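Below is one structure, written out as structure tokens; comments come after it.
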Amino acid sequence: MKPIRVFLVDDHMIFLEGLTRLLSDEPMIRIVGTATDGRKAVHEIGDLKPDVVLMDISMPNLNGIEATRLIKTASPNTKVLILSMHESEPYLRRVLEAGAVGYLLKESTADEVIMAIKKTHRGSSYLSPSMSRKLIQDYLETRKRVQGEDIEPVLTGREREILQLLAEGNSQQAIAKSLSLSPLTVRTHRRHIMKKLKFRHITDLVRYAIRMGIIEP
């Protein structure tokens, strides 16, 4: 059997290096790349097309949830396994919606990480035991029943990217440069975001981003 080609994404270099060394000792896993930034990860994964991505959920510039959405477009066959310190149903709901196939807590043992990678590669979902597997089934069944309805305002992928960058304190000019957009386009997106979320002040946007796990407090 060919080794499972794995790409690692985490903005903490010490953790990333430790995880790389840990997985490199497993004969059935081959690390094909790493990234400390969600945006860089999306670009490289689009080229490398790894089998499995182990993705940190909380990162500056582009969080793991939005990076997952973009990865599933750039490399549909790549399985994304979220790695998080948050034992939270709202986080789980959002990563599944983004296209991830599993949710692994950072407190997991080395054996569990390896098992999760192998299971997701085979086409199964994976959830850390401390979070009930029933959450995944309940969520998927609910999504089928409501047929795509959502109680939260629907933002486009680009709006979600800009929301995070705004909440992190980036200026419209800096966002425009980062996303290769004109400042006018960024301003228009900002206006649409504020209208959809019914916010009047940027502080409302920051509080929303923290509550939804888009940025860390």
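If a residue has to be under 23 Å from residue 210 (Cα atoms) and among the acidic types (Asp, Glu) to count, how many in the range 33-75 make the cut?
Counting residues in the range 33-75 that are under 23 Å from residue 210 (Cα atoms) and among the acidic types (Asp, Glu) gives 3.
Out of everything in the range 84-95 that is open to solvent by 10 Å² or more (accessible area, probe 1.4 Å) and either within 11 Å of residue 65 (Cα to Cα) or assigned to a loop (DSSP other than H, G, I, E, B) (or both), what residue ends up being modelled with the lowest pLDDT?
88
Just to check your reading of the model, which residue among 143, 211, 190 is modelled with pLDDT under 90, more than 18 Å from residue 39 (Cα to Cα) and surrounded by 14 or more Cβ atoms within 10 Å (Cβ to Cβ)?
Being modelled with pLDDT under 90, more than 18 Å from residue 39 (Cα to Cα) and surrounded by 14 or more Cβ atoms within 10 Å (Cβ to Cβ) holds for just one of 143, 211, 190, which is 143.
So how many residues does the range 108-131 have that are surrounded by fewer than 14 Cβ atoms within 10 Å (Cβ to Cβ) and either assigned to a helix (DSSP H, G or I) or touching a Lys or Arg at 6+ places or on another chain (Cβ under 6 Å) (or both)?
Qualifying residue count, the range 108-131: 2.
Are any residues in the range 153-187 in contact (Cβ under 8 Å) with a residue 40 or more places away in the chain, of a type in the set (D, E, K, R) and either in a helix (DSSP H, G or I) or open to solvent by less than 60 Å² (accessible area, probe 1.4 Å) (or both), and if so, which ones?
160, 161
Return the residues of the range 59-82 that are in a strand (DSSP E or B) and open to solvent by 10 Å² or more (accessible area, probe 1.4 Å); say none if nothing qualifies.
Once the filter is applied, which keeps residues that are in a strand (DSSP E or B) and open to solvent by 10 Å² or more (accessible area, probe 1.4 Å), the range 59-82 yields only 79.
Only one of (1) aliphatic (A, V, I, L, M); (2) assigned to a helix (DSSP H, G or I); (3) open to solvent by less than 40 Å² (accessible area, probe 1.4 Å) is not met by residue 8, so which one is it?
(2)
List the number of the failed condition for residue 98; all other conditions in (1) exposed (fewer than 15 other Cβ atoms within 10 Å of the Cβ); (2) touching a helix residue (DSSP H, G or I) at 6+ places or on another chain (Cβ under 6 Å) hold.
(1)
Considering only the range 179-217, state which residues are under 25 Å from residue 92 (Cα atoms) and β-branched (Val, Ile, Thr).
Once the filter is applied, which keeps residues that are under 25 Å from residue 92 (Cα atoms) and β-branched (Val, Ile, Thr), the range 179-217 yields 193, 206, 210, 214, 215.
Just checking, how many residues over the range 16-47 are without any contact (Cβ under 8 Å) to a residue 12 or more places away in the chain and surrounded by fewer than 16 Cβ atoms within 10 Å (Cβ to Cβ)?
Here the count works out to 7.
Kindly check whether there is at least one residue in the range 48-58 that is open to solvent by 10 Å² or more (accessible area, probe 1.4 Å), at negative phi and at pLDDT 90 or above.
Taking every residue of the range 48-58 in turn, at least one turns out to be open to solvent by 10 Å² or more (accessible area, probe 1.4 Å), at negative phi and at pLDDT 90 or above.
The values are calculated or read from the model by the stated rules, or taken from the named source; none is laboratory data. These numbers come from a predicted model, not from an experiment. Note that we place each Cβ from the backbone using ideal geometry, even for glycine, and neighbour counts take in every protein chain shown. Ligands, DNA and RNA are stripped out before the accessible areas are found, and what is left, the full protein with its side chains, is counted by its heavy atoms. Shrake-Rupley method; radii C 1.70, N 1.55, O 1.52, S 1.80 Å.
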